[in-house]
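The values are calculated or read from the model by the stated rules, or taken from the named source; none is laboratory data. As the structure is a prediction and not an experimental result, all values here were calculated from the model. Neighbour counts are summed over all protein chains in view; Cβ atoms, including those assigned to glycine, are modelled from backbone coordinates with ideal geometry. Quick note on the areas: whole protein, heavy atoms, side chains included, nothing else; ligands and nucleic acids left out. Shrake-Rupley method; radii C 1.70, N 1.55, O 1.52, S 1.80 Å.
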Amino acid sequence: MRWDAQALKPAPEVRAPGNGSPGGVTAGATGGRSPSPATDPLLPLIGLVRSVTTPEFAGVTFHEVTAKSVLNKVVAGSRMPFEWTINPYRGCSHACVYCFARKSHTYLDFDAGLDFDSQVVVKINAAEVLRRELAKPSWARQHVALGTNTDPYQRAEGRYQLMPGIIGALADSGTPLSILTKGTLLARDIPLLKHAAAQVPVGVGISLAMTDERLSEAVEPGTPGPRARLKLITRLREAGLPCGVMAMPILPWLSDSDEALDSLFGSLAAAGATGVTAGALYLKPGTREWFMQWIAREHPQLAGKYRRLYGTGSYASPEYRAWLSGRIRYFKARHGFSGAQGFSHRDLNDDPGSNDPRDDEAQYPAGSIPKVAAIPGGERASIGAAQPTLF
């Protein structure tokens, strides 16, 4: 691929930095338009080096930027089991119609629909900046999660190769890390992850919520198919690495039948997954509009059912979530994933007095989160960095 020959043009003059733009990136107004491959770059992004198109990624524009920071602090009060994240890419060519991160693209003045799939921001200096940040005396070596917003192993990682430098920087600094991905390109870095796991606790998670190849191609068209991801789980386990699975989202009327769930959990057990978290489709603003358009176009007979099931909110009804939790609990037990722990939508029988759907969130499967120990002052430290606990 002659990538350098495909640059649209050097970065235009940029305006002053804005407020609240993660990773040192900000943008000007776009009106939600998506440029054709032959047009000028869409954004005056701070740090923009160039914008690139290539026939290998038809319809996708990559905006290469130099970031000032790559460590993102999780907002106070979050129920996430980590305090720091890294997103080397913004936007994702996986083009999952249900992706919960779509609205984050509007912070760059892109739209949450086609722009999210086709306008990808790449922090080309991510590893270099990260090493500087990790070298600061104030860095407490807290768990850093990758893949929490957009996938760090989307296809363009094959070109940009940002993850080896990021993994190396975290491990060398003594920082526990976790990765969540749909990308089978992760296999390239298995040797590096094994080396990192000898230095710090490491968690690995694969996102896989269906075994139906045709359905997967329809709802997540840019991802490797289910069979490829199942093979990746097996490769990770054979390498001695953990691998939890985020079986999300389960799609009402599309992937929630007993046949579909039995196939999913049976396949995950056969592949060797260390744990599974499962839950129903979550339609936050930005995602909801894009997904509902897809349902109306591809499955018009389900459009009314989805509107009734989700009402005006982001969550399926409590009745549906309670029903689904029971089916998932049954099939997890059937295939050796003991207990109900790890169901992302809380079993309503666990705490019938709680009606807060946020209680359903932030449960990660065994193997996907490195084990860390609490230390005084509310911070956390890795357990046994020399002999890491992987499971």
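Given the stretch 55-212, what percent of its DSSP beta bridges are antiparallel, to the nearest 5?
Beta bridges within the stretch 55-212, antiparallel portion: roughly 20 percent.
In debye to the nearest 20, how big a dipole does the stretch 257-324 give about its Cα centre with +1 on each Lys and Arg Cβ and -1 on each Asp and Glu Cβ?
Rounded to the nearest 20 debye, it is 380 debye.
What number, in percent, do you get for the relative contact order of the stretch 160-318 if the mean sequence gap of Cα pairs under 8 Å and at least 6 apart is divided by its residue count?
Relative contact order here is 19 percent.
Stretched out fully, how many nm does the piece from residue 293 to residue 192 gain, at 0.36 nm a residue minus the Cα gap?
Answer, rounded to one decimal: 32.3 nm.
Where does the stretch 232-292 land on Rg/Rh, using Cα atoms and the Kirkwood Rh?
Using Cα coordinates only, the ratio equals 1.08.
Could you sort 273-286, 186-199 so that the peptide with the highest average Cβ count within 10 Å comes first and the rest follow in order?
273-286, 186-199
I want to check the label-to-label distance for residue 323 and residue 139. Put each point 7 Å from Cα in the C-beta direction and report it in nm to one decimal.
About 4.9 nm separates the two model spin labels.
Which order do 56, 319 take by accessible area at a 1.4 Å probe, largest first?
319, 56
Can you work out the FRET efficiency for the pair residue 258 and residue 314, with r the C-beta to C-beta distance and R0 = 22 Å, to the nearest 0.05?
For R0 = 22 Å, the calculated efficiency reads 0.25.
Among 153-164, 73-84, what's the highest-first ranking by average C-beta atoms within 10 angstrom per residue?
The most tightly packed comes first, giving 153-164, 73-84.
Among the lysines, which have Cα under 29 Å from the Cα of residue 332 when same-chain residues fewer than 8 positions away are ignored?
Filter leaves 182, 194, 231, 284, 305, 371.
Could you rank the peptides 255-266, 298-309 by their average count of other C-beta atoms within 10 Å per residue, with the highest value first?
Highest to lowest by the protection proxy: 255-266, 298-309.
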